[in-house]
Amino acid sequence: MNQIIAVFASLLGLAVGRSQLPKLHTEKHPSALLQEGQWWAKVGDHFVHAPDETSGLSKDVGDYYYTYGSHAALTQELKDKRVGGDGRLHILHLPDGVDSLSQELPKGGRRNSVAAFVQLKHEAQLSNAKIFPAYAVPAGYGSGLSPGGEELEKKVVAAITSDAAMSQLEELTSLGDDSFTTRSWSNPKATENCVNYIEKQFKDMGYSTCVQSFTSSGTGLKSVIAYLPGTEGSTKGTVTLGGHYDSRPFEGLAPGAVDNGSGSAAVLSIAKAIANAKVKPQRSIFFVAFAAEEPGLLGSKEFAQRLKDAKANVAFLEGDSDSDAETSLLKRMCGKEFEGVANLLQDQSGQKHKKRNHREDSKHEALIMDEIAWRSTNIDLSMGPVVNLESYDWSTHVLNHLAAASKEHNQDALKVTHSGNPFGSDHMSFLDLGFQAVLTIHGDDEGYPNYHSSDDNMEKVDPELYTLIMKMNAGALLRLSGVSA
């Protein structure tokens, strides 16, 4: 009998622990709740509202927080606190605040991390993460380019074609070791072959190129960097166009066409179009194929941290001539000379650089491409191809240029949406350091059925969507870097 009572008590405890916020379907607007003085929030296809006193949940809307991320990324503690949501959106009951959690939020790859918590507010309108709100180009927006620069931008974007893009992607996804098509970070032979291929591609385009080597957990890793110096040196800062080249599964066949052959091959395609047009940007451009995003954003973290520590976004070394500046910066990013350069900058300038306000004065910005080639069947096809611009809302400079470039070059062929709750890709390495950075990713990325599987192959790539997203990024890159005829 005691065992039965114990089991019953346990089940009762689980039921209480799993109390959920009450729901209303969207066809029933919660106007009655307003009359009763209750809060509500729209969550995907329904409303949630203040619970009654018997639920065991707080009636105060400020005791609830929401986040975005895969269900698989939620720790048991977060699952126990989850009281609502829809799809990738999760609402948690945290009456003692976020600091009451005993574990840090999961961070890393796309489906094993979550976004920073945001306190729920009355009348909040929250997406279920399949389709986010459209991003509108603000009134009064300007590209910042001269008429000649605008014509050069059109020339570069026009050179990006589906046939050429698919050919580049096909080449990249055919790489591997002697046994499998793979670019797994844990496969040294496959990594070496991929690094050699990308480095040669950049060099054949005429770029100054270097390999940024580093070690993580005893494994040697390499990101590949191409550099296009700006005409105004470091005074205007730098812009990065990047995507990780590694693929999953970690063992066996891993073509990784969508994740993330699409992003890394797009870096090569855009770099080639810019090289062929003989673009001379005002701000220096880095084209980067990042190593080891899959085990935890390792390559982009290394790159962004070196960029910050070397203060390459602030000034070159005092005394660098224009002819030496390019070599100097690449040495600091890739060579042994990197260590201690931040201190040398301080010593030569005679004073410490003031800490910059990351939302106003940041001199480095980044465009990150990850999973940009799958067209979801979960989205109404009448909407057309969809891209999501994911970043904090303070990345307005980059967000605006992306949305405006798409409007210019794609017209209404690409639906541009925005999520202000970023997580789980290489843009986080820049955002966490205060740099404006935006991830471009196809709509409903959580719905991709071949994620991290051996079936992530060329058949899953939508050429139209892929090309539209590349054109958007190419246009935005030229606007961010500044070009003239």
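The values are calculated or read from the model by the stated rules, or taken from the named source; none is laboratory data. Please read all numbers here as calculations on a predicted model, not as lab measurements. Glycine also receives a Cβ, built like all others from the backbone with ideal geometry; neighbour counts cover every protein chain displayed. Remember, those area values only see protein heavy atoms, side chains included, never the ligands or the DNA or RNA. Shrake-Rupley method; radii C 1.70, N 1.55, O 1.52, S 1.80 Å.
Surface composition of the range 88-142: carbon and sulfur atoms hold 49% of the protein heavy-atom accessible area at a 1.4 Å probe. Of the solvent-accessible surface of the range 366-426, computed with a 1.4 Å probe and all protein chains present, 47% belongs to carbon and sulfur. The packing ranking, built from the mean of other Cβ atoms within 10 Å per residue, places the peptides 430-438, 90-98, 253-261 in the order 253-261, 430-438, 90-98, highest first. If you take all C-alpha pairs in the range 127-238, what percent of them are over 20 Å apart? That fraction is 66 percent.
In sequence order, the range 56-65 has phi-based couplings of x, 9, 6, 8, 7, 4, x, 8, 10, 10 Hz under the Karplus curve 6.51 cos²θ - 1.76 cosθ + 1.60, θ = phi - 60°, and Gly or Pro positions carry x.
If you roll a 1.4 angstrom probe over the protein chains with everything in place, what fraction of the accessible area of the range 445-485 belongs to carbon and sulfur, to the nearest %? Let's see the in-between values first.
On the way: 560 of 1240 Å².
Roughly 46 percent of what the probe reaches on the range 445-485 is carbon or sulfur.
The residues of the range 129-247 have, on average, 44 Å² of accessible surface per residue, using a 1.4 Å probe with all protein chains present.
Between beta-carbons, use under 14 Å as the cut-off and find the net charge around Gly220, counting Lys and Arg +1, Asp and Glu -1. My count for the surroundings of Gly220 gives -1.
Within the range 448-477, whose backbone N sits under 16 Å from a point 7 Å along Cα→Cβ of Ser186? From the range 448-477, the list is 452-454.
Pairs over the 30 Å Cα-Cα cut-off, from the set Lys81/Lys407; Lys107/Lys407; Lys222/Lys407; Lys107/Lys272; Lys308/Lys407; Lys155/Lys363: Lys81/Lys407; Lys107/Lys407; Lys222/Lys407; Lys107/Lys272; Lys308/Lys407.
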